[in-house]
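Visitor: Would you mind keeping the following structure in view while I ask a few things?
Values quoted throughout were computed directly from the atomic coordinates according to the rules given, and no laboratory measurement underlies them. Worth saying up front: this structure is predicted, and the values here are computed from it rather than measured. Here the Cβ positions follow ideal geometry from the backbone for every residue, glycine too, while neighbour counts run over all protein chains shown.
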Amino acid sequence: MATKTTEGLRDRCVSQFSVFMANKVGRLNEVVKLFAERAIHIVALTVIDTADSAIARMAVTDPAAARDLFHEHGVAHTECRLVVVELPNGATDLGMVLSSLLMAECNIHFTYSFLVQPHGKQLLGLHVDDDEVAANVLMQNGFRLLTQKDISR
């Protein structure tokens, strides 16, 4: 059974998938078409390219449906949580977000921006070594965190 802290943290985070695919023309488009067939939308995306393969990191509107689709089609993937922070002043807030996490000694593994702006504000997704510390320190510094419900339709 999950603790209240764990449940609260899960509610404050967004699911992110890392999809492993062959580095070939059109492969990402194939994944996007599979999503479109189920009305799943990618709301954040970054692609890491290597010589032999690519990793597409993404957040979607319906993680459960995406998970099912990946299993049905044998798509290699992993899943983790992102802390998604709203940047009310856009890029000028980045320094404050980073400073807040540094002061809390919270390491950032990777970050990328979102394609959607549910409240008209820019969003930054952060994969950190301690979701709970990151979420708490960002909220204490006046930042709003978005949840899966906020980015889903």
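Visitor: Inspect the range 46-68 for any residue being over 29 Å from R27 (Cβ atoms) and either surrounded by 16 or more Cβ atoms within 10 Å (Cβ to Cβ) or without any contact (Cβ under 8 Å) to a residue 12 or more places away in the chain (or both) and give the result as yes or no.
Guide: Looking through the range 46-68, none of the residues is over 29 Å from R27 (Cβ atoms) and either surrounded by 16 or more Cβ atoms within 10 Å (Cβ to Cβ) or without any contact (Cβ under 8 Å) to a residue 12 or more places away in the chain (or both).
Visitor: If I filter the range 133-147 for residues that are assigned to a strand (DSSP E or B) and surrounded by 13 or more Cβ atoms within 10 Å (Cβ to Cβ), do I get at least one hit?
Guide: So far as the range 133-147 goes, yes, one or more of its residues are assigned to a strand (DSSP E or B) and surrounded by 13 or more Cβ atoms within 10 Å (Cβ to Cβ).
Visitor: Give me the residue from the range 106-153 that is β-branched (V, I, T) and free of Cβ contacts under 8 Å to residues at least 60 places away in the same chain and, out of that set, farthest from A66 (Cα to Cα).
Guide: Step by step, filter the range 106-153, then rank; the result is V137.
Visitor: Next question. Go through the range 123-148 and report how many residues are of a type in the set (S, T, N, Q) and under 16 Å from T92 (Cα atoms).
Guide: Final tally of qualifying residues: 1.
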